């Protein structure tokens, strides 16, 4: 049997590869982005209660009413924007599924989608599997700001969507109010859809605020916002996220969603709705992770690694130029095997594997894990 692959250049993700390598070598895993600490005991208790109380059959296709209303309340609280929970909010099986569904709903063969690099690895395959064409624009170096003139130069009649990500994985950079204005000017009066990956929306540091596209009426009218409860409440394994979009866009999104996933885990949705009814459970996240970032930077301050500015997410980029000239992928693999420390090389986030000798470290870890990692880093 001959198979004509729709994704001939796609293999196993770097995150799966590095985590597997970390397990094989008993290495500290600062590669894949997940906490090594548990979620709130209260959240676990709520999940158990709903399972015991019989909420174990299909949830509504769009998500439970309680959680959709909770999402609408969070967006209103954080961005003073109104989304109707019945028609403009959908609960998804994580952010990756949400992004895939958004692209499946709107990208047709030959359509172009602007992808800003370095980019999370699910974007391009989701575009290409539907016949779309990724058009790349690189962030400026070394601050990872957006090159809006470059993006303007790549807009044409075939442009169907622009994908943005803030706070940005892997750089930790954040979009500013001026960036929103630039994006407004690009999409105003067009049929271009903005797919805004905001899964780290509650992790913005140093007194900065997250600039969601929901803050702009112009952008909100043409945007699909994607977020993740897994990042917010430390339950990446639950794979529950959400999208918010105007009714007209959401109608098309749900047409695909219902056949791709149909429904999302019922009792866990109800537990999340109860847990997040306490605003502190998401509003206090920024201070929690800023403390983690600050501790990691303090612990590694005497090393030969040079940290880049991190304004959001739970990732810290570090330059290793003072240590070696090896490629980032070679070094990440070698350090996992020899030094028992797993990281992610930045080049994998670029289509042309641009190598600036940077590694990504996840600091969503217990303090003792960060301390053990820092001991290794200080000896590199």
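Coordinate-derived values only; no laboratory data. A quick note: this is a predicted structure, and the numbers were derived from the prediction, not measured. Cβ sites come from the backbone with ideal geometry, for glycine too, and all protein chains shown count toward neighbours.
Taking packing as the residue-averaged number of other Cβ atoms within 10 angstrom, the listed peptides 201-207, 333-339 run from highest to lowest as 201-207, 333-339. Helices in the chain, meaning DSSP H runs of at least 4 residues, each add -39500 (n - 2.57). Divided by all residues, the mean residue ellipticity at 222 nm is -11000 deg cm²/dmol. Considering all alpha-carbon pairs of segment 212-269, what whole percent are spaced by more than 15 angstrom? Result for the distance tail: 58 percent. A simple packing score, the average count of other Cβ atoms within 10 Å per residue, orders the peptides 172-180, 242-250 as 242-250, 172-180, with the highest score first. Treating each Cα of segment 264-380 as an identical point scatterer and ignoring solvent, apply the Debye formula and state log10 I(q)/I(0) at q = 0.09, 0.10, 0.16, 0.17 Å⁻¹. One equal scatterer on each Cα of segment 264-380 leads to -0.32, -0.39, -0.80, -0.86.
One compactness figure for segment 17-75 is 1.69, namely its Cα radius of gyration divided by 2.2 N^0.38 Å.
For the chain, what is the per residue volume of the convex hull drawn over the alpha-carbon atoms, in cubic angstrom?
Working: hull volume 57.5 nm³, N = 380.
Hull volume over Cα atoms, normalised by residue count, gives 151 Å³.
Once C-alpha pairs closer than 8 Å and six or more residues apart are averaged by separation and normalised to the residue number of the chain, the relative contact order reads 25 percent. Protection proxy ranking of 368-376, 84-92, by the mean of other Cβ atoms within 10 Å over each peptide's residues and highest first, is 84-92, 368-376.
Considering only beta bridges that DSSP places wholly inside the chain, some 45 percent are antiparallel. Rounded, prolate or oblate: which fits segment 166-297, taking a ≥ b ≥ c as square roots of the Cα gyration tensor eigenvalues, rounded meaning a/c under 1.5, else prolate when a/b beats b/c? Judged from the Cα gyration tensor, segment 166-297 comes out oblate (a/c at least 1.5, b/c at or above a/b). Of all DSSP bridge pairs formed entirely within segment 95-241, close to 5 percent run antiparallel. For segment 242-293, the convex hull spanned by the alpha carbon atoms encloses 135 Å³ per residue. For the pair segment 174-205 / segment 50-69, the C-alpha centres are spaced 31 Å from each other.
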